[in-house]
Amino acid sequence: MLEEKKPSKIWLKILLVAFYLFVFAVLLNNSFGYLDPDFGWHLKMGEQIWQTRAVPDINYEDYTLSGTRWVDHEWLPEIFVYLVYHYFGYIALSVFFALLIVAALIIQLAFTRKFFLTDDRGLFFVLILQAFGTYASLPLLGVRVQEITILCLLLLAIIIYLYQRNKNYRLLVWLIPLFIFWASAHGGFLVGFFVLGLFALVKAGELWSAKKFPVRFIDYRGVLNLKQIGSLAGFSFLALAATLATPYGYRLHLFLLGCRDSFYQIYLGEWQSQYSYPFVFPQLGYLEIVLIFLALLFFAAFFIKGGQRRKIDLYQTILVIFFAALAFKARRHFPLLFIVSLPIISCFFINFFALKPEPETSLPMPAGNARLPGKRKINIALKNLSLAVLTLALLAGAGIFIFRTPFTATPEKNYQDQYPYQAVAFLQAHPEWNDLKIFNDYGWGGYLIWQYPERKLFIDGRLPEYPMRGRTALEEYKAFFDPEQMIAQMQYYDIGLVLISPKEDYPKIPWWEIWYFNLNMEQINSDIKKSFSFLEYLRASPRWRSVYNDGLAEIFVRQTNQ
């Protein structure tokens, strides 16, 4: 009987390989679909760190913040980005970041299969959920340093789960190297410490409840005693102390904790809430799945009686609620919700709806015949054929995505529809304007640091929350687009040259979106028109002359004789 199962299991392994090859192809295609606005300054900072053997400390790139101190919380991967790009090119860099997400998905699946599934029951449901979650995360994936936080958060969740399961303090030793690396790679490590604190608090509450006030709908199988909670707290403190050994020391924590202003969450797309236009429907769809899971979970715990009652894993449930709230608040956090929620959501739905595979028990065999009945053979053959067809479909899909990927080794040139490559070349050909202070588009700041390093900028994407004249740098930038402030802003900063997008596109929103989300189109169009007022002022004012316009970027120079 063991040999009879081998063909299906072999095809299942081949299918998994094909599935992740398909996911890799989709991720690679997505990486070349756009150039991350932060890529340029990451690359330039990595070059600076490699050449000086020191992390950045003083802002030299923006004249508005010249000489101020700042903290580059992504310094370690920036070195890697620079070296890979310098020696192997953008294609190799894109392959690496695509493989990073594929590795996280493979680890997530292995963890889910080992601890949340029984005999691969519902495996296809898990793969479908993985595919959907990855698709919903695509706007936030690519050649992006913050992908490291996705992997680190997954590893932290696994360490916590295994500690709760095995209660072996040696597992907690891994927290120290994990957080040293994480704190050197991305500021998202603070979320990791919050997760540790949440786990400790929930386990302390579970211990008190189990002793003093047991609740029938809570699963107490993972309860920890005081010594075990103390071990967790101790190693968490050691991990926190270890992050102080990174190059910035305590300044890293002060810098990140000091970012409290929420203005950027209104205007920066990935920081906007799920309720902001334009809507990311795949993310909303996954969030609806999370809400359905929570509703059914509490229904099964409170209203179903007898043996069908399902108890709540308090920590896992609160964790999902916390990251769902983060994902609703800012789209940027959606991949974190996806990476931590999939195992428990998959397990719950598979058990709740009793998703079971084809029974493995064999049919009765005729006496004196060691062979399977014909019907059983046909079923196995059809199953293998289905797996083979699905595998071929995935491989074909992967090939199509790879074939359609616009591979480029020179992203500074090949993304001219997104960034002002030609406009920069024009400015470099006119050194007579080099002494004029520039006002640049916020979204182009990182690109300009990379391609136009000789020019100090007004703003870039590194420090939108940095204080400037009693408000944040992003607020100071947005004031240029306020009709009541723009002239005063131009005079205060003595702006002599403007590099800005000339596009005045109003969104074309389908009627059903307007109806379903009750959008106020008059207000939306009014806000967009207001943002165009600065461009209208430059074109109408005799003090300014348009010297370049390629449809993507327009350059205005102040007239000295006006």
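Some notes on this structure:
- For segment 392-501, the relative contact order is 25 percent, taking Cα pairs closer than 8 Å that sit 6 or more residues apart in sequence and dividing their mean separation by the residue count.
- Remark: for residue pairs K114/K167; K44/K456; K167/K203; K503/K530; K114/K305; K413/K456, the C-alpha separation exceeds 24 Å in K114/K305.
- Net charge of neighbours whose Cβ lies under 15 Å from the Cβ of Q130, counting Lys and Arg as +1 and Asp and Glu as -1: 0
- Among the listed values (i) 268; (ii) 193; (iii) 201, the one matching volume of the Cα convex hull per residue in Å³ as calculated from this structure is (iii).
- Residue-count net charge about L538 - beta-carbon cut-off 11 Å; Lys, Arg +1, Asp, Glu -1: +2
- For segment 1-148, size of Cβ-based charge dipole, Lys and Arg +1, Asp and Glu -1, in debye: 720
- Computed over protein heavy atoms with a 1.4 Å probe, the carbon and sulfur contribution to the accessible area of the chain reaches 63%.
- Local electrostatic count, F334, Cβ distance below 15 Å [Lys/Arg +1, Asp/Glu -1]: +1
- Mean Cβ neighbour count within 10 Å, used as a protection proxy, ranking 220-230, 182-192, 41-51 highest first: 182-192, 41-51, 220-230
- Packing-based ranking, highest mean first, of 120-126, 144-150, 386-392 given that Cβ atoms within 10 Å are counted: 144-150, 120-126, 386-392
- Where both bridge residues fall in the chain, DSSP classifies roughly 65% of the beta bridges as antiparallel.
- Fully extending the segment from S546 to A295 would add 84.6 nm, taking 0.36 nm per residue of separation and subtracting the current Cα-Cα distance.
- Per residue, in Å², the accessible surface of the chain once ligands and nucleic acids are set aside, probe 1.4 Å: 49
- Ordering of 414-427, 476-489, 537-550 by burial proxy (mean other Cβ atoms within 10 Å per residue, highest first): 414-427, 476-489, 537-550
- Stretched out straight at 0.36 nm per residue, the stretch from A103 to K413 would grow longer than its current Cα-Cα span by 108.6 nm.
- Within a straight-line Cα-Cα reach of under 18 Å, K508 can be paired with the following aspartates and glutamates, leaving aside sequence neighbours fewer than 8 residues apart in one chain: E522, D527.
- Lys, Arg +1 and Asp, Glu -1 on Cβ, resulting dipole of segment 99-187 about Cα centre, debye, nearest 20: 260
- Scanning the chain for long hydrophobic helices, with DSSP H runs required to stretch 24 angstrom or more by C-alpha along their axis and to average at least 1.0 on the Kyte-Doolittle scale, returns 90-115, 147-166, 189-212, 226-243, 281-302, 334-352, 374-404.
- Taking the charge dipole of the chain about its Cα centre, with +1 at Lys and Arg Cβ atoms and -1 at Asp and Glu Cβ atoms, the residue from Y477, L65, T246 reaching farthest to the positive side is T246.
- For the chain, the dipole from Cβ point charges (+1 on Lys and Arg, -1 on Asp and Glu) about the Cα centre works out to 3040 debye, to the nearest 20.
The values are calculated or read from the model by the stated rules, or taken from the named source; none is laboratory data. Since the structure is predicted, the reported quantities are computational estimates derived from the model, not experimental observations. Neighbour counts run over all protein chains shown; Cβ positions are idealised from the backbone, glycine included. Each accessible area value is taken on the protein alone, full model and side chains, heavy atoms only, with ligands, DNA and RNA left out. Shrake-Rupley method; radii C 1.70, N 1.55, O 1.52, S 1.80 Å.
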